[in-house]
Amino acid sequence: MTLISLVIVLLLVQWWGSGKPLHRDQWFFSGWQLLNANTRVQSAPWLCAVAVAVPVVVLLAVVLAVIVWLPAGWLIVLNIPVLLYSLGRGDFSGAVHTYVEAAHTGDSVKAVNVLDGMNLDPDLRGGRNNGDWTALNREALRVFTYRGFERMFAVIFWFVVAGAPGALAYRLSVLLWVHLLEVNDKRAAVVARAVTLIEWPAARLLGLSWALVGHFDLCMVRWRHLWLSLHTLTPVFLVSVLLGAMGEESEWAKSGDSRRFQPAARIEPSYSLHLVESTASMFSRALLLWVFAAAVVTLLI
């Protein structure tokens, strides 16, 4: 049922564009405000865990009830809306296209607006040198790489591992983290740490996927040096391994063998923009690999 639900959702996303009609989060934030209304424990970090756990536990109870009392096909009916809801917010493909178009026309104002709209952390918005396209392209690579992962791959990973409750738990954790950042709540740092830990296995698996569909050697050099680090932020890890998968040699590879062929000088900002343009195809290849692997595992079980 997991594979069937996943394939149906991916087809709906291709046809629908996203699960935007289901992306109604006010119920969650209303519950958070109600839970956070008690001034005696208003700053307690454990309230964040409770806010996420309550709807996840309710969904888990519903899933167990469906498994016990209803035919297996009903689980698909439950999985599809939950998975669609759990997918990331915003038009990822449209944002990438708009940024690339702005970069080609030299419209730095539009490019910065796109990055600000896609950047989850308000502290990282604005304050840029809009004339430095190399820096803008590198930031765009970081923003789009993480948002592509957060939007779909982390959700799919936890859906496969823990079903609909796992996908919902990840999405609610990210929603709460972003909300705390927006209101400058000091608990945002605690939730950010929790989100990084939740994303750790999915990010490492995506890194391996990029190695298989891209430049294996250069990607794995980066992956091996970073994969065990629990302190490396998810965007930093993802950008590093993605650059390796796209053929960019790291300092670790250079120090390992000074006789390696040195690539020709890269012309900026064209090279960094090319990296941004290649991001979508790398995500698409990894997604196909994940679906194929899920199908093989399903057949073997």
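The values are calculated or read from the model by the stated rules, or taken from the named source; none is laboratory data. Since the structure is predicted, the reported quantities are computational estimates derived from the model, not experimental observations. Don't worry about glycine lacking a Cβ; one is built from the backbone with ideal geometry, like all the others, and counts go over all protein chains shown. Please note that ligands, DNA and RNA were not included when accessible areas were found on the heavy atoms of the full protein model with its side chains. Shrake-Rupley method; radii C 1.70, N 1.55, O 1.52, S 1.80 Å.
Couple of notes before you dig in:
- Filter pass, Phe92 being at pLDDT 95 or above and either under 19 Å from Leu287 (Cα atoms) or touching a Phe, Trp or Tyr at 6+ places or on another chain (Cβ under 7 Å) (or both): no
- In the stretch 23-57, the residue that is modelled with the lowest pLDDT out of those that are surrounded by fewer than 11 Cβ atoms within 10 Å (Cβ to Cβ) and under 20 Å from Ala167 (Cα atoms) is Arg24.
- Selection count where residues are assigned to a helix (DSSP H, G or I), hydroxyl-bearing (Ser, Thr, Tyr) and closer than 21 Å to Val195 by Cα, scope the stretch 31-85: 1
- Number of the exception - Lys110 against (1) within 19 Å of the chain's Cα centre (by Cα); (2) assigned to a helix (DSSP H, G or I); (3) at negative phi: (1)
- Residue tally, condition closer than 14 Å to Gly166 by Cα and surrounded by 13 or more Cβ atoms within 10 Å (Cβ to Cβ), over the stretch 58-77: 4
- Scanning the stretch 153-168 for residues that are open to solvent by 20 Å² or more (accessible area, probe 1.4 Å) and within 14 Å of the chain's Cα centre (by Cα) returns Phe157, Trp158.
- Restricting attention to the stretch 183-212, the residues that are among the acidic types (Asp, Glu) and in contact with a helix residue (DSSP H, G or I) (Cβ under 6 Å, 6 or more places away or on another chain) total 1.
Here is a yes/no grid of residues against (1) closer than 11 Å to Val276 by Cβ; (2) not aromatic (Phe, Trp, Tyr):
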position: Gly94; (1), (2): no, yes
position: Val100; (1), (2): yes, yes
position: Trp133; (1), (2): yes, no
position: Ala140; (1), (2): yes, yes
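- Subset of the stretch 178-237 [crowded, with 20+ Cβ neighbours inside 10 Å and touching a residue at least 60 places away in the same chain (Cβ under 8 Å)]: Val191, Leu206, Ser209, Trp210, Gly214, Thr234, Pro235
- Matching residues in the stretch 120-139 - criterion: being surrounded by 16 or more Cβ atoms within 10 Å (Cβ to Cβ) and at pLDDT 90 or above: Trp133, Leu136, Asn137, Arg138, Glu139
- Some residue of the stretch 97-108 being out of contact with any Gly (no Cβ under 8 Å at 6 or more places or on another chain), surrounded by 15 or more Cβ atoms within 10 Å (Cβ to Cβ), closer than 30 Å to Arg187 by Cβ and not β-branched (Val, Ile, Thr): no
- The conditions of being of a type in the set (D, E, K, R) and touching a helix residue (DSSP H, G or I) at 6+ places or on another chain (Cβ under 7 Å) are met by Asp121.
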